[in-house]
Amino acid sequence: MAFAALALLLLWRAGEVVQPFIWGLIVAYILLPVVGAIERRFAVPRTVAALAVFVALLAIIFGGGRFVVPRIAENAGDLQKNWPVLVVNVQQTIANTFDQLGLGDLDDVLIGPNVDDIERQIAAMAQRMALPFAVAFGHFLLEFLVFLIATFLLLRDAPRLYEFVRRNLPGRQRREIVQVLGETNVMLGRYIRGQLFLVLLMSVVTYLVLALVFHLPYSVPLAIMTGLLEIIPFFGPVVAAAVAALVALVHGGVETMIWVVIAYTVLRQVEDQLVMPIVVGRAVELHPLVTVFAVLVGAAIGGILGALIAVPVAAATRVILDYVFPETEEEEELATEEAAST
């Protein structure tokens, strides 16, 4: 226990240094079953199987980026080119809404920004941010390289690492710890596979709704953002809906914005009531309040990465606590009766 606490303290103090390794661990954990399947099915060495999966991962990253990134760049360029018009459209839409609701002149409520002033401010900001952006991009490339190296090494050496950990466990508690690790592995695997499916499903469905139903621009980045934000419980879907509603307000007016909000609400309800129980099921079995608390604490400690892994870490902690403090027979019977009554 003391060793685990010390390891967590070191990880926390290391900060951003360990982030590419953690990302590599997450990706490798997802792909390890594929490596094992290739190794058994084709009777090839572990290194060959890991290399095949790693090459496929690179193909997905760079191949997918070849199709998706240009579309996102095109939308971003279009947004940068037309943003002064968008600002005017937002002002005009809000002003018309104030007039229709009888709230008076918008200028009496707020003073709208001058487009020329905003253009000068953005240009000056771009000049100031040029060097920091170049430094940040170089830092990103270095972290991405570390991520790739860590991912491949974990794919190749995961069995040896597991065996090393197992051999160095305390002899008396070895069997119990291995059992807890096995239960945690099943829970995490189910959770991660379900979340990946939800990200893909919500991205595709959101793109179809925004592009084919509402004919909104920037449908691709909005859909990808919506899918990725699904990973963050509660807050992610709200942020995605707010951004999509803002784009709908600018390009379609108040009515389109309302319909987009309704569409996001319906999609969210379908996901919560139908997709989540089937895909993820009771993978984590956490109370909603515990989930919110875990996400907030994870975000405060590790930013986006902390928020992403907060729920699996909390669920793994629950598995450990359930094993350390098992329910008595009376508590199990009472829980069964309460579940039956509800």
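The values are calculated or read from the model by the stated rules, or taken from the named source; none is laboratory data. Only a predicted model underlies this, so the values are computations on that prediction, with no experimental measurement involved. Here the Cβ is made from the backbone with ideal geometry for all residues, glycine too, and neighbour counts use every protein chain on show.
Looking at the stretch 186-195, which of its residues are surrounded by 14 or more Cβ atoms within 10 Å (Cβ to Cβ) and of a type outside the set (Gly, Ala, Ser)? Explain how you work it out, then say what you get.
Initially, the stretch 186-195 is screened for residues surrounded by 14 or more Cβ atoms within 10 Å (Cβ to Cβ), giving 187-195.
Listed by number, the residues that qualify are Met187, Leu188, Arg190, Tyr191, Ile192, Arg193, Gln195.
Determine whether Thr151 is crowded, with 17+ Cβ neighbours inside 10 Å, in the same structural domain as Ala49 (by TED's automatic domain parsing), within 25 Å of the chain's Cα centre (by Cα) and touching a residue at least 24 places away in the same chain (Cβ under 8 Å). Break it down stepwise before answering.
Values: crowded, with 17+ Cβ neighbours inside 10 Å: yes; in the same structural domain as Ala49 (by TED's automatic domain parsing): yes; within 25 Å of the chain's Cα centre (by Cα): yes; touching a residue at least 24 places away in the same chain (Cβ under 8 Å): yes.
Yes; evaluated as a whole, the condition is true for this residue.
Just need a number here: residues in the stretch 147-201 that are closer than 30 Å to Met225 by Cβ and of a type in the set (D, E, K, R). Don't jump to the end; show me each part of the working.
The initial filter retains those residues of the stretch 147-201 that are closer than 30 Å to Met225 by Cβ, namely 147-152, 154-155, 187-201.
Add one more test, that the residue is of a type in the set (D, E, K, R), and what stays is 190, 193.
Going through the stretch 147-201 one residue at a time, the tally reaches 2.
So how many residues does the stretch 228-259 have that are among the charged types (D, E, K, R) and within 23 Å of the chain's Cα centre (by Cα)? Outline the logic, then answer.
Here is the first cut: in the stretch 228-259, the residues among the charged types (D, E, K, R) are 230, 255.
Next, from what is left, pick out any that are within 23 Å of the chain's Cα centre (by Cα): 230.
Going through the stretch 228-259 one residue at a time, the tally reaches 1.
Quickly run through the stretch 208-255 and pick out the residues that are closer than 29 Å to Pro312 by Cβ, of a type in the set (A, V, I, L, M, F, W, C) and not in a helix (DSSP H, G or I).
Selection gives Ile231, Ile232, Phe234.
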